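Reviewing the structure listed below.
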Number of protein chains: 6
Amino acid sequence: MTSWLPTLKTATPEEGYDLAVKLSRVAVKLTQPDAEVRDRLRPVYAEDSDALIAASQVVATHFATVAAANDFWRDKL
Amino acid sequence: MTSWLPTLKTATPEEGYDLAVKLSRVAVKLTQPDAEVRDRLRPVYAEDSDALIAASQVVATHFATVAAANDFWRDKL
Amino acid sequence: MTSWLPTLKTATPEEGYDLAVKLSRVAVKLTQPDAEVRDRLRPVYAEDSDALIAASQVVATHFATVAAANDFWRDKL
Amino acid sequence: MTSWLPTLKTATPEEGYDLAVKLSRVAVKLTQPDAEVRDRLRPVYAEDSDALIAASQVVATHFATVAAANDFWRDKL
Amino acid sequence: MTSWLPTLKTATPEEGYDLAVKLSRVAVKLTQPDAEVRDRLRPVYAEDSDALIAASQVVATHFATVAAANDFWRDKL
Amino acid sequence: MTSWLPTLKTATPEEGYDLAVKLSRVAVKLTQPDAEVRDRLRPVYAEDSDALIAASQVVATHFATVAAANDFWRDKL
């Protein structure tokens, strides 16, 4: 079986950011496994600025981890 | 007696993520030890996007710790 | 007089987690020193999922500190 | 195609701060891709002090990452 | 003039925790310099579990900094 | 043109704390550039304990960064 998270290593900072977004969403799926419910919630919170900022906060926390795991992509410079 | 947390070491990032989820939930159990109450609360907050995002934030914080403990699983690469 | 926090060192990750819980609660006691008030608040927030998740977030932040202080209990492996 | 995030390296702390702001906003765009909706939400949350503080928190988290990536711009001193 | 924060160094973890509490409160004073207003707010939020947990979160964040500054008081062990 | 953030280096921990406060406020200004609106919001949130604690949290996050940038002012001891 393929892992959804085989590594924290990414080729670029942008891909690292995308991975941070993915890491944020997986926890939501684990708490609310029903895709139908999540689809129902999405349009509501996507119009709620508090929820948008809170979601951005989770991405920021994961991005810190992914960036550290990649040594901030320093070898790309 | 077996410890619920014998180590922060995991074989893969995905298992590290699962451990972060576990670490998040144990604190809830310690504050609300009554399983019946937790079972009653779960369906409510699982449909509350604010709660889902907040839960994801806790996972993100624990995942940072677990990832650091595993040196970001760098030796797997 | 004995200190309530003589060290951040713990024998195991599980004891480190318990210390993180303790560190979370002491701040509440310092802000609300009246045990009677805290006893009155506890049953209310223990049934409030937002509060339970927020409390878990505080534990996560302290656990990161305790884990780092113990070098993630790496020498136990 | 040009990446929106080619590097975390910036010439100065101020540019690093600007990058942190950018990192905060991209997550919002990914959750709410509709620019029209975002334009509608902006004036509301820009007058909501809770939202302003929460947005500042996200910037702070990203700034920590960017600052570490730049070794705190120590070589500029 | 004496500084309210001459150093982050403390003799013990417990004193480090007290410093973290102090660091949390100073920011409140800087935003609301009027002691009379703060005195009026205190009894209200001291009975609000959400506020108590949020205040504990701020202490946790500062404690992480103070603990790192003291190398986790490792030389005391 | 002078930068508002030429460096993260400060002479003392207290100056580092002041810088953290400044870093917190700049993000608010960038989201709400209208000084008149900010002046209108200030007295409201300065009497709202939740907002005061949230603002203190942002300062705590920035202070962690500034403290690390200054190697916790260890050479001052």
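The values are calculated or read from the model by the stated rules, or taken from the named source; none is laboratory data. All of these numbers come straight from a predicted model, not from anything done at the bench. Counting neighbours? That spans all protein chains shown, and the Cβs are built from the backbone with ideal geometry, glycine included.
Can you tell me which residue in the range F:1-26 is farthest from F:Asn70 (Cα to Cα), limited to those that are in a helix (DSSP H, G or I) and touching a residue at least 24 places away in the same chain (Cβ under 8 Å)? The qualifying residue farthest from F:Asn70 (Cα to Cα) is F:Ser24.
Applying the condition of being more than 7 Å from chain D (Cβ to nearest Cβ) and assigned to a helix (DSSP H, G or I) to the range A:41-53 and asking which residue is farthest from D:Arg40 (Cα to Cα) yields A:Leu41. Take A:Val26 and tell me if it is surrounded by fewer than 22 Cβ atoms within 10 Å (Cβ to Cβ), within 9 Å of the chain's Cα centre (by Cα) and over 26 Å from D:Asp48 (Cβ atoms). Yes; evaluated as a whole, the condition is true for this residue.
Residues that are surrounded by fewer than 18 Cβ atoms within 10 Å (Cβ to Cβ), touching a Leu at 6+ places or on another chain (Cβ under 8 Å) and closer than 20 Å to C:His62 by Cβ within the range E:4-21 comprise E:Thr12, E:Glu14, listed in sequence order.
Taken together, F:Ala68, F:Ala60 contain a single residue that is under 14 Å from E:Thr7 (Cα atoms), buried (at least 16 other Cβ atoms within 10 Å of the Cβ) and either at pLDDT 95 or above or touching a helix residue (DSSP H, G or I) at 6+ places or on another chain (Cβ under 8 Å) (or both), which is F:Ala68. Scanning the range D:1-32 for residues that are more than 9 Å from chain A (Cβ to nearest Cβ) and farther than 28 Å from D:Phe72 by Cβ yields D:Met1, D:Lys29. In the range C:30-59, the residues that are within 22 Å of E:Arg25 (Cβ to Cβ) and in contact (Cβ under 8 Å) with a residue 24 or more places away in the chain form Cβ pairs under 7 Å with partners that are assigned to a helix (DSSP H, G or I) and of a type outside the set (S, T, N, Q), at six or more places apart or across chains, as follows: C:Ala55/B:Ala27; C:Ala55/E:Ile53; C:Val58/E:Ile53; C:Val58/E:Ala60; C:Val59/B:Ala27; C:Val59/C:Ala20; C:Val59/C:Val21.
Checking each residue in the range D:33-53 for being within 24 Å of B:Ala60 (Cα to Cα) and either surrounded by fewer than 23 Cβ atoms within 10 Å (Cβ to Cβ) or acidic (Asp, Glu) (or both) picks out D:Pro33, D:Asp50, D:Ala51.
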